[in-house]
1. Set the Förster distance to 25 Å, then compute FRET efficiency between E9 and T130 from the Cβ-Cβ distance, nearest 0.05.
2. For D150 and A172, what is the calculated FRET efficiency with R₀ set at 22 Å and r taken between the beta-carbons, to the nearest 0.05?
3. Given N104, F50, A22, which one lies farthest toward the positive end of the charge dipole of the stretch 6-115, if we put +1 on the Cβ of every Lys and Arg and -1 on the Cβ of every Asp and Glu?
4. Positive end of the dipole of the stretch 108-196, charges at C-beta (+1 Lys, Arg; -1 Asp, Glu), about the Cα centre: which of H128, P145, S113 has its Cα farthest in that direction?
5. Hey, with R₀ at 41 Å, roughly what FRET efficiency would D16 and Q188 work out to, going by the Cβ-Cβ distance, to 0.05?
6. Note the listed values (i) 29, 20, 16; (ii) 34, 19, 14; (iii) 26, 18, 17, then indicate which one is semi-axes √(5λ) of the Cα gyration tensor in Å calculated from this particular structure.
7. If amide hydrogens are placed 1.01 Å from N in the peptide plane, which non-local residues have theirs closer than 5 Å to the one on A83?
8. Can you list the equivalent-ellipsoid semi-axes of the stretch 86-146, largest first and in whole Å, using the square root of 5 times each Cα gyration tensor eigenvalue?
Amino acid sequence: MVAMRYSPEHKSETHDRIVKKAAEEFRRNGLEGIGINNLMSALGLTHGGFYAHFPSKDSLIGDASVCILEENLARMVGVAEAAPSGKAVQAILDYYLSPQHRDNPAMGCVLPSLASELARKPKDVRRHFTKTLESAFDRLAALMPGRTQDKRKDQAIAFFTAMAGAILVARAVSDPALSDRILSSTRQSLAATFTQ
């Protein structure tokens, strides 16, 4: 029997499918909430095929966390670009600190879903994620009101991490009214700070 060889394009497409599915499952269930067997089975692929794409689960975690961050940044930039002039920051606040984002972790931002678990991963897993997050801060800095690039970047860091923290806590509480209040009060506070 001759082994079937796949084109580089097919391998790349399969790699991307695995990363996207893992990104969804990790956000929904946590980094240890799905094993390689179940992940590959959900995609109609074999467990052994995983190792043609990744040397380890940690490698997949690194790729998936970057994928999630890039997807979320693209959404935030899209929301900002679609907003009326001078309303980009408010549009991001309304998008990110929404009940829809809170209630749909499988499609949401990596920070509130996985940051505490990523912190426990080896440095190589976190290295590319860190570089991508820094790039996200740079992109958001362009929207901040500070006069210097350093000041705008500091504001972008505070802005993004405060939003992520609010989503994390809003998801954790059992009282729906308190959860809504966490989102609305954070939205108001950040708007007062960053839309001047």
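1. In this case the efficiency is close to 0.25.
2. 0.10
3. My answer, from the dipole projection, is N104.
4. H128
5. 0.60
6. Checking each listed value against the structure points to (ii).
7. Counting only residues 5 or more places away or on other chains, the set is empty.
8. Three semi-axes, in Å: 24, 18, 7.
The values are calculated or read from the model by the stated rules, or taken from the named source; none is laboratory data. The structure presented is a predicted model; accordingly, all values stated were derived computationally and were not measured. Glycine gets a Cβ as well: all are built from the backbone with ideal geometry, and neighbour counts include every protein chain shown. To get the accessible areas, we keep the full protein, side chains included, count just its heavy atoms, and leave off ligands, DNA and RNA. Shrake-Rupley method; radii C 1.70, N 1.55, O 1.52, S 1.80 Å.
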